[in-house]
Amino acid sequence: MQALDLVPIWTTILALGVFFYVALDGFDLGVGMLYNFAPDRGARDLVMNSIAPIWDGNETWLILGSVGLLAAFPVAFAIIIPAVYFPILLMLLALIFRGLSFEFRYRDAEHRTFWDHGFAAGSALAAFAQGVVLGAFIQGFNVQGRQFVGGSFDCFTPFSVFAGVALMFGYALLGAGWLVIKTEGALQDWARALGRRCLIGTVIGIGVVSLWTPYIDPHIAARWFSWPHIVYLAPVPLITAALIWYAWQSLNDRSEYAPFLASLGLFVMSYIGIAISLWPMIVPGHFTLDQAAASPSTQAFLLIGTLFLLPVILVYTAWSYWVFRGKVRSDIGYH
Amino acid sequence: MHLDPEFLSRIQFAWVIGWHILLPAFTVGLASYIAFLEGVYALTKRPIFLNLSQFWLRIFAISFGMGVVTGIVMPFQFGTNWSRFSDAAGNVISPLLAYEGLTAFFLEATFLGVLLFGRKLVPPSMHFVAAVLVAVGTLSSAFWILATNSWMQTPVGYEVIDGRYFPKDWFEIVFSPSFPYRFAHTVSAFYVTTAFVVLGVGAYTVRRGQSVAEGRVMLRLALWFLAIFVPLQIVLGDMHGLNTLAYQPAKLAAIEGLWDGGHGVPASIIGWPDAAAEKNLAEIAIPKLGSLYLTHSWDGAVKGLKDFPPDQRAPVAVVYFSFRIMVGIGLLMLAVVAAGFVLMARQQLDRTQWYLRLCQFTTCLGFLAVIAGWTTTEVGRQPWTIYGLMRTADSVSPSLTGANVLLSLLLYVAVYLVIFPVGVGVMLRVVRSGPAASEDLAPIGSGRPKSPIEALAATTPEGAR
């Protein structure tokens, strides 16, 4: 029996899973980074409240993403994760600290300042570490056979560190967009002002990474700049430019949802850009998606449950955002 | 000093899973206990059960949060430190781990929201259903994680191609020979652990003289539950041991400290296993007893450690002692429960200060037994990651140096030594504030509590600080 090729389905599921993680945890990590810049205690509490009911759900996508990579492309997991040993370590420790700071700052009031800083620093470090992982992934790894054989610090290069900083700006931009949705008045103006700075940082980040990537890898340069690719792919930079303009406009006028949506659009375009550069590799330069795919039996066994559970999780996630919609106000809830 | 990346990676895994397992050991049982309290409340409408459920939910929220963040670390360990194992076994174990994530995410996260925030939004019967589903979610997490672990202990249903493991029969893989015993023994251990916590907190509450009614219910419920589950746990442990004898004889020999196999083997009560000399020093042993309880015959044949080459033996002393610690704690538990029933029969349970104090001390017994049992089964699996097939030494990531792993281990140690004491301290505060704290259930507002803990904390005077 000719089995149905499930690799495209798993590629799609994993790509969506990672994107959901980046979009969802991205904005709450961003809010975490902006948190310590908030003007006063009351504002900080509002900022915290804007993500309180949803952050832990957002983080669960990370588990699904990592286990999904192991399940769908085991050899890619076995190469990529040890190659980014220290960024992963920093990310995990930062996420632990950040998550528990969230819970402990209310219950361990004597050390509230400590947990406040833990929350902001943990968010920033997690964002930076994820950017380094992304940068190292784009650069590629030193692979022999089916294993990473480079050093554990190889992943820290000027490019990957730059990507780390760029992602901090990107997440902070998403966070500012989220705060514009969730707050009003002076606090919203503050979020808009920060959002404009983050947008500038993000644009520089996207621009430099976009030019640096083809410079690192001639294959990527050929893919983007050779005729007729340059025509087919022209919409990617053009749409990105339009989104940047739209984001800037919306941060300056009174629209509430547009800054967040435009920022999310920038993430979509960057994601598409990276996918175009690397396709069809899952371990750049070594394994294609097909070569790295798990056995058909593994893919099929997991797909059965996933096709049932994933839509339910998506609906539930959407529902919980619906329940907690609207502005955060200081007169509701705690204190 | 030579830093061995394999050994340090093992220490690191032991460190992160040792702390992590304490949380499921508590939350699996607590979720079922809360579901029970909610069920009784939905049926009887007696407010004391509502008070108790509210009280334990506050503690559940904290421990659940800690379980989630320390749990995120676990799948990454397979990649960061055990990449060759991930490549070799990924096709077999990854769907089991992924199903853990999917089902747990679905059942726990979804219905935990209703359980924590939905008291006023849904009728008590629905609230009970949410509690049951959260409990089912925690059990399903345990199911998939233990299925993964059991396959590594007793691998079946696979084929090997080029040194990598491919699935042949998923039913065999999920229900591998040690799985039913491991699952029953572990879940029962988690339930006993939780019951001892409830017993200790109940004793504290009674002794302090506030919320005595709630304390008395906790004490009695816990004692009755333990009267069934501690003996049951000992029986399940025996069955699990017999399964180990059948499928992992070298591990069993290490547990028994049995060097020379044969017929009518002795039972080693206590001694010092000396791996170099291949004998136990200063040993107290009872002749033929080992064969009796292992094979249920005085002359039954049991393999000894010397029947296996030295490079296929687990670190004997660790396994030997951790097993005895576990069994010793089990016997101690039995004594505590028996004493409780004697006092209950004499109607002196609530007035016997020494016993109530003792119960406070035994709060940690279950956790210690879980760690000891886990150490027995995991160190006993050495030197293999996949028992008899893939060595731990062949599983570690080739790129790691000893210094790399030492650095990451130290960072994990530092962070866990901050978060666990704080987490325990936060839970102790809830215990001190007591179950009868005002129950003007936290206003849901427009559905915007700031965090699960805080929504619950707001129901206590302390939380309103």
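The values are calculated or read from the model by the stated rules, or taken from the named source; none is laboratory data. The structure presented is a predicted model; accordingly, all values stated were derived computationally and were not measured. Cβ placement follows ideal geometry from the backbone for every residue including glycine, while neighbour counts extend to all protein chains displayed.
Would you confirm, using the coordinates I've provided, whether B:E100 is within 20 Å of A:F77 (Cα to Cα) and either without any contact (Cβ under 8 Å) to a residue 60 or more places away in the chain or under 20 Å from the mean Cα position of the chain (by Cα) (or both)? Yes: the conditions hold for B:E100.
Filtering A:L238, A:L251 for residues that are among the hydrophobic types (A, V, I, L, M, F, W, C), closer than 19 Å to A:V203 by Cβ, touching a residue at least 12 places away in the same chain (Cβ under 8 Å) and in a helix (DSSP H, G or I) leaves a single hit, A:L251.
Looking at the structure I just gave you, is B:P167 in contact (Cβ under 8 Å) with a residue 24 or more places away in the chain, in contact with a Leu (Cβ under 7 Å, 6 or more places away or on another chain) and buried (at least 18 other Cβ atoms within 10 Å of the Cβ)? When the stated conditions are applied, B:P167 does not pass them.
For first residues located in the range B:178-206 and under 30 Å from B:R351 (Cα atoms), partners that are of a type in the set (D, E) and outside any helix (DSSP H, G or I) and lie 6+ apart or on another chain with Cβ distances below 7 Å form the pairs B:V206/B:D350. Evaluating B:L281 against the criteria (1) closer than 26 Å to B:F7 by Cα; (2) without any contact (Cβ under 8 Å) to a residue 40 or more places away in the chain; (3) hydrophobic (A, V, I, L, M, F, W, C) leaves one unmet condition, (1).
For (1) within 15 Å of the chain's Cα centre (by Cα); (2) of a type in the set (F, W, Y); (3) modelled with pLDDT of 95 or more, each residue gets a yes or a no:
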site	(1), (2), (3)
A:F119	no, yes, no
A:Q139	no, no, no
A:N142	no, no, no
A:G150	no, no, no
A:C155	no, no, no
A:F162	no, yes, yes
A:V165	yes, no, yes
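Residues in the range B:315-352 that are touching a strand residue (DSSP E or B) at 6+ places or on another chain (Cβ under 9 Å) and either surrounded by 18 or more Cβ atoms within 10 Å (Cβ to Cβ) or not small (G, A, S) (or both): B:V316, B:V319, B:Y320, B:F321, B:R324. Hey, any hits in the range B:37-56 for a residue that's among the β-branched types (V, I, T) and under 23 Å from the mean Cα position of the chain (by Cα)? No, there is no match, as no residue in the range B:37-56 is among the β-branched types (V, I, T) and under 23 Å from the mean Cα position of the chain (by Cα).
One residue is enough: does the range B:22-40 have a residue meeting the conditions touching a Pro at 6+ places or on another chain (Cβ under 9 Å), part of a helix (DSSP H, G or I) and touching a residue at least 60 places away in the same chain (Cβ under 8 Å)? Taking every residue of the range B:22-40 in turn, at least one turns out to be touching a Pro at 6+ places or on another chain (Cβ under 9 Å), part of a helix (DSSP H, G or I) and touching a residue at least 60 places away in the same chain (Cβ under 8 Å). So how many residues does the range B:79-95 have that are in a helix (DSSP H, G or I) and more than 7 Å from chain A (Cβ to nearest Cβ)? Of the residues in that region, 5 qualify.
Scanning the range B:163-188 for residues that are in a helix (DSSP H, G or I) and touching a Phe, Trp or Tyr at 6+ places or on another chain (Cβ under 9 Å) yields B:W170, B:E172, B:I173, B:V174, B:F179, B:F183, B:T186, B:V187, B:S188. Residues in the range A:252-294 that are more than 21 Å from the chain's Cα centre (by Cα), more than 26 Å from A:T12 (Cα to Cα) and buried (at least 19 other Cβ atoms within 10 Å of the Cβ): none. Here A:G57 meets each of (1) of a type outside the set (D, E); (2) more than 9 Å from every other protein chain (Cβ to nearest Cβ); (3) closer than 26 Å to A:Y106 by Cα with one exception, condition (2). Within the range A:123-145, restricting attention to residues that are under 28 Å from A:D28 (Cβ atoms) and of a type in the set (F, W, Y), the residue that is surrounded by the fewest Cβ atoms within 10 Å (Cβ to Cβ) is A:F137. If you go through the range A:108-125 and keep only what is in contact with a Gly (Cβ under 8 Å, 6 or more places away or on another chain) and within 13 Å of chain B (Cβ to nearest Cβ), you end up with A:D108, A:F119, A:G122.
The condition of being under 24 Å from B:T205 (Cβ atoms), more than 25 Å from the chain's Cα centre (by Cα) and either of a type in the set (A, V, I, L, M, F, W, C) or at pLDDT below 90 (or both) holds for only one of B:D299, B:D350, that being B:D350.
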